[in-house]
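As structure tokens, the structure follows; a few thoughts come after it.
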């Protein structure tokens, strides 16, 4: 289905994960990171030092033996032959938030990205929050600088190629908080084969190698599945018209639910989420 | 299906309909109002005179022979024996925006409301914009004064009984503009039998007596259909937990599409919306 043959895990976080309370999400990052070095990659951020201080403190507090900073601020630095060495000994890489274009524009096609994929194939963990989560999809949503009409397919967002660590998924974040379901519906309207995942703040999905994901955290994850779409008006001609799309399937998932990416079915897997009936 | 046996039409407008350009929506109100008096009901508004001036001017400009103001500002006025006489000779009533609770709290159980239903049963038109649209449903969404977590079913909204001119529907407005899909998903999660309709600003649905509606205006109408829901965690116990609901069907409809409320199927009925394939 377009997913790379990785045997590692990916954690996609919707941004603003708790850093002072139970730390449910960061604790899970640490648990799945294993015993090696955890690398904090601040490529998306305009304030990399600030992000580095915040996350290195949080991860050290959770008992990670070594936290390392991947402080790549330009394409030139990413291309440096020594850059890939920054991942030596690492078992996990955590991408901070900021601008997702900065991640792919710096990493795309580099030996450093090849090294990241290798770490992932070897069973490593790649996590990202906010922009760092968006960058993980094969296709990536980007908001243009100007605020357009929420239904103009042209103005609301555009898409570009992401890092592709989670195939077929389009990942969006800060989901309820920034009212982004419209652009995910538009993205699915453009290619109903794509699966859109909108992740709320302080909420994450853990994507397992078995092509399923679990939800953790305090908010919800919206799955927008266009595979049953019977009509869409999206076309080059219609790029300025109001979206029209029939038969989109939406699931709202909370902590304790699992989604199977192969069968496209959600299910309840813990008592925490089981209130009425099983979902499958 | 709970809808009153009316042979009239209802126009539900998502708010902020164009009043200076093509006036697509208000023009349709006038066309369907017929030859009688058009009554502007400002029950929802804190500035009824301002609303009255705005709409009487717009409707007069569109050639309506007589526009009358239903200026009920209290329950006492609504209960007045003469109040119902204000609808004599009217073929259409247009409810302005404001606070939908003000409409139902004043009108509920009055002879004036009975007179409005009579007008509707006789083939008259009842239209409403913003709060005026929300009040038309059998069940009505209300935002509490405090802004809660968007996924707390308890804080995000509550529901009360509306005027019931459109049965089974829950109507929401300013839809994309105020990011309201979450509360409509929550409402459908509570009772999957309900059909949620979210209407964007400058967008409207015309509900015909044949139990179907057409979309007009510049934005989109979101239909949230819970009838296929296989799991929901909504319960009294779970009122503070994050929503979890599987298999909600969502349609995004633009001008030129029709939705059949009996079969719950959308379709394209004008060339304007037909871009790719028919939807049925």
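Data overview
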{"item": "Taking the C-alpha atoms of segment A:1-124, convex hull volume expressed per residue in Å³", "result": "109"}
{"item": "Over the protein assembly as shown - Rg/Rh using Cα atoms and the Kirkwood inverse-distance radius", "result": "1.04"}
{"item": "Length-normalised contact order of chain B in % [C-alpha pairs under 8 Å, at least 6 apart]", "result": "19"}
{"item": "Label point 7 Å beyond Cα along the C-beta direction, distances from residue B:71 to other copies (nm, shortest first)", "result": "7.0"}
{"item": "Residue A:50-residue A:191 FRET efficiency (beta carbon distance; Förster radius 22 Å; 0.05 resolution)", "result": "0.05"}
{"item": "Fraction of antiparallel bridges per DSSP, the protein assembly as shown only, in percent to nearest 5", "result": "60"}
{"item": "Along principal axes, Cα extents of chain A, largest first, whole Å", "result": "51, 46, 34"}
{"item": "Teacher prompt: residue A:160 distances to equivalent labels in other copies, 7 Å Cα→Cβ, nm", "result": "5.0"}
{"item": "Mean Cβ count within 10 Å, highest first, over the residues of peptides B:193-206, B:35-48", "result": "B:193-206, B:35-48"}
{"item": "Nearest-0.05 FRET efficiency for residue B:227 and residue A:264, computed from C-beta distance (R0 22 Å)", "result": "0.70"}
{"item": "Volume per residue that the Cα convex hull of segment B:86-148 spans, once the total is divided by residue count, Å³", "result": "90"}
{"item": "For residues of B:260-268, the mean tally of beta carbons on other chains within 10 Å", "result": "2"}
{"item": "Per-residue average of Cβ from other chains inside 10 Å of B:252-259", "result": "5"}
{"item": "Shortest-first distances to equivalent copies, position residue A:264, nm, label 7 Å out along Cβ", "result": "1.8"}
{"item": "Simple label model, 7 Å out from Cα along Cβ direction - residue B:210 to residue B:121, nm", "result": "2.4"}
{"item": "Mean Cβ neighbour count within 10 Å, used as a protection proxy, ranking B:70-79, B:162-171 highest first", "result": "B:162-171, B:70-79"}
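Each value in this text was obtained by applying a stated rule to the coordinates, not by laboratory testing. Keep in mind that what you see is a predicted model, and the values were worked out from it rather than measured. Here Cβ is always computed from backbone atoms with ideal geometry, including for glycine, and neighbour counts include all displayed protein chains.
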